[in-house]
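Structure first, commentary second.
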Amino acid sequence: GENVEQHPSTLSVQEGDSAVIKCTYSDSASNYFPWYKQELGKRPQLIIDIRSNVGEKKDQRIAVTLNKTAKHFSLHITETQPEDSAVYFCAASIATGNQFYFGTGTSLTVIP
Amino acid sequence: GAVVSQHPSRVICKSGTSVKIECRSLDFQATTMFWYRQFPKQSLMLMATSNEGSKATYEQGVEKDKFLINHASLTLSTLTVTSAHPEDSSFYICSARDPAPDTQYFGPGTRLTVL
């Protein structure tokens, strides 16, 4: 089955700086890669996703890049704010409606 | 966006009892629902895929007789933790597939504590 690895496990940045989280996957059939933000005790919230037919997608301060050849994708958050502090999970799937295989999570702390 | 609910949100039970968790899609028909388990400060682990009207597909290492899944209608899937033990204490989250558009929505989760 699919194996998704995520780094780093924890990340602290100063407010206003950028944060980058990286994931790798093992199954070349995967072609949908969502990113979720989860606050303590709450459900994961989709923040951005990318499909294999594009290499980059941006939504305001958040961007995701995908390298299918190397089987890795990354989340970039610019101009970080304290409210960005949360745990972020990457995931891989063969389709948006299929089961997701999650990375191990990154606990992001934005220091005011 | 679409709404997925879970009930109960929190449950505390004694060891040896069974606990049923419901996952409902409130404004769409979900042919497929997924059940995940999350330990504190850890990732979401896929437990099983639940298809309406058929048997669930369990991930490797998940005991199907321990975690009973039923998907009797297009809006409801249930997870029953049978003969619960303290090691079953966890956060259980479901997600439901909305076929149009083809995306998933997560429920709010159920925190199970087995004493």
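The values are calculated or read from the model by the stated rules, or taken from the named source; none is laboratory data. Remember, predicted model here, so these are calculated numbers, not experimental data. Cβ sites come from the backbone with ideal geometry, for glycine too, and all protein chains shown count toward neighbours.
For the stretch A:69-84, indicate whether the set of residues that are assigned to a strand (DSSP E or B), within 22 Å of B:LEU44 (Cβ to Cβ) and in contact with a helix residue (DSSP H, G or I) (Cβ under 8 Å, 6 or more places away or on another chain) is non-empty.
Residues of the stretch A:69-84 assigned to a strand (DSSP E or B): A:72-77.
In the following step, the residues that additionally are within 22 Å of B:LEU44 (Cβ to Cβ) were identified as A:72-75, A:77.
Filter again for in contact with a helix residue (DSSP H, G or I) (Cβ under 8 Å, 6 or more places away or on another chain), leaving A:77.
Yes - at least one qualifying residue is present in the stretch A:69-84.
For the stretch A:20-55, filtering for residues that are of a type in the set (A, V, I, L, M), touching a Ser or Thr at 6+ places or on another chain (Cβ under 7 Å) and surrounded by 19 or more Cβ atoms within 10 Å (Cβ to Cβ) leaves 1. Taking the numbered list (1) within 14 Å of chain B (Cβ to nearest Cβ); (2) surrounded by fewer than 16 Cβ atoms within 10 Å (Cβ to Cβ); (3) at pLDDT 95 or above in turn, A:ALA86 passes all entries but (2).
Any idea which of A:ILE47, A:ILE77, A:ILE21 is in contact with a Pro (Cβ under 9 Å, 6 or more places away or on another chain) and over 27 Å from B:THR110 (Cβ atoms)? If you could, list the steps in order and put the result at the bottom.
Numbers: A:ILE47 fails: over 27 Å from B:THR110 (Cβ atoms); A:ILE77 fails: in contact with a Pro (Cβ under 9 Å, 6 or more places away or on another chain).
A:ILE21 is the lone residue from the list that is in contact with a Pro (Cβ under 9 Å, 6 or more places away or on another chain) and over 27 Å from B:THR110 (Cβ atoms).
Across the stretch B:94-112, the number of residues qualifying as more than 7 Å from chain A (Cβ to nearest Cβ) and either surrounded by fewer than 23 Cβ atoms within 10 Å (Cβ to Cβ) or among the hydroxyl-bearing types (Ser, Thr, Tyr) (or both) comes to 8. Note on the stretch A:77-112: residues that are farther than 30 Å from A:GLY16 by Cβ and β-branched (Val, Ile, Thr) total 2.
Check A:ALA70, A:ALA91, A:ALA29 and return the single one that is under 12 Å from the mean Cα position of the chain (by Cα) and small (Gly, Ala, Ser). It would help to see each step written out before you state the result.
Numbers: A:ALA70 fails: under 12 Å from the mean Cα position of the chain (by Cα); A:ALA29 fails: under 12 Å from the mean Cα position of the chain (by Cα).
Being under 12 Å from the mean Cα position of the chain (by Cα) and small (Gly, Ala, Ser) holds for just one of A:ALA70, A:ALA91, A:ALA29, which is A:ALA91.
Within the stretch B:92-106, track down each residue that is modelled with pLDDT under 95 and not charged (D, E, K, R).
Kept after step one, since they are modelled with pLDDT under 95, are these residues of the stretch B:92-106: B:95-106.
Hits for the stretch B:92-106 are B:SER95, B:ALA96, B:PRO99, B:ALA100, B:PRO101, B:THR103, B:GLN104, B:TYR105, B:PHE106.
Just to be sure I understand, how many residues within the stretch B:71-93 are touching a residue at least 60 places away in the same chain (Cβ under 8 Å) and either surrounded by fewer than 22 Cβ atoms within 10 Å (Cβ to Cβ) or away from every other protein chain (no Cβ under 14 Å) (or both)? Here the count works out to 7. Scan the stretch B:1-44 for residues that are of a type in the set (Lys, Arg) and closer than 23 Å to A:LYS37 by Cα and the total you get is 4. Here A:SER107 fulfils each of the conditions (1) in contact with a helix residue (DSSP H, G or I) (Cβ under 9 Å, 6 or more places away or on another chain); (2) surrounded by fewer than 17 Cβ atoms within 10 Å (Cβ to Cβ) apart from (1). Of the strands (runs of 3 or more DSSP E) that lie entirely inside the stretch B:13-53, those containing 1 or more residues that are crowded, with 19+ Cβ neighbours inside 10 Å, in contact with a Phe, Trp or Tyr (Cβ under 7 Å, 6 or more places away or on another chain) and facing chain A (nearest Cβ under 10 Å) span B:32-38, B:44-51.
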